Amino acid sequence: MLKAFADLVTYRLLPIELGSLLGEAVDFFIYDTVKIFLLLTVIIFVISVIRSFLPPEKIRAILSREKEYVGNILAALLGIITPFCSCSAVPLFLGFVRAGVPLGVTFSFLVSSPMINEIALVLLLGLFGWRIAMIYVLSGLVIAIVSGITIGKLRVENLLKEIVFEKKGETHSSAADLSWKERVDYAKIYTMEILKTVWPYLLLGVGLGAFIHGYVPVGFLAKYAGADKWYAVPFATLIGIPLYSNAAGVIPLVSALTEKGVAMGTTLAFMMAVTALSVPEFMILKTVMKTKLIGIFASVVGVGIIFTGYLFNILLK
């Protein structure tokens, strides 16, 4: 039905010739935009209701009581239901540290939250299907867990700035006492807030994807970023770091790149780098940690992303 709607708008309501490059691009843009917004609205609403049962203070208490490795796993899983971009995840990361959650556990959350939240899952599911979506989520969880454990083992708490430890006061939450009507109202408001935040990135990402879909010749990108190019994955990872977007903006672009022949592992490594590592995130982290710790964080996560990219290219040949 969505494809029929996109075809109707593109070729009947708009004066665009059937089979033209412009027609292919516009049809792609309309179809993907409507599909993604529908998926996001439903899934974010459901996840928001679930999140209403898990206020930040309760989450911090759970993670603080658990053993370190279990805490890493729980923190990484928590990232799936907290749809933050890398920059907006930093304040919650800071709250975890101040509440006494182990540093390695907080880094597991910092990696997983922007990389494998429900927005990424919904978009990957809609564009690539269950298999790719599940492989991506599992690999993202592994990266987050292993990165957090690695950083925890390094004992780098001395690389945090003093401001992190200035306030450790406990806050109180009223979320646990919400009625179902209040939870539903909260979910409605939260869903609209998320959609208002992501729609510019979404339209930009779909727009770039539509341009690539309609105008970039088949095989052109594969020539330089195919699975047979050993440098493609680390190059895509490095290219992604200076950029800043959330999953809504970058996944439609990933869809168009893979359609044009770029290896799946290469495009997903690019996506992981854009969402989990970004220069704006580093600038915010600079206020709470020393440059050396930022470098350790970026290196550990970067190695994990590159490894995952190569693994995807091997498994999905």
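Placing dummy labels 7 Å off each Cα toward the beta-carbon, the span from Leu14 to Ser179 is 4.7 nm. Structure note, pairs Lys153/Lys286; Lys223/Lys292; Lys3/Lys317: Cα-Cα distances above 31 angstrom occur for Lys223/Lys292.
Bear in mind that the values in this text are calculations on the coordinates, not laboratory data. For clarity, every value in this text was computed on a predicted model and none was experimentally measured. Neighbour counts run over all protein chains shown; Cβ positions are idealised from the backbone, glycine included.
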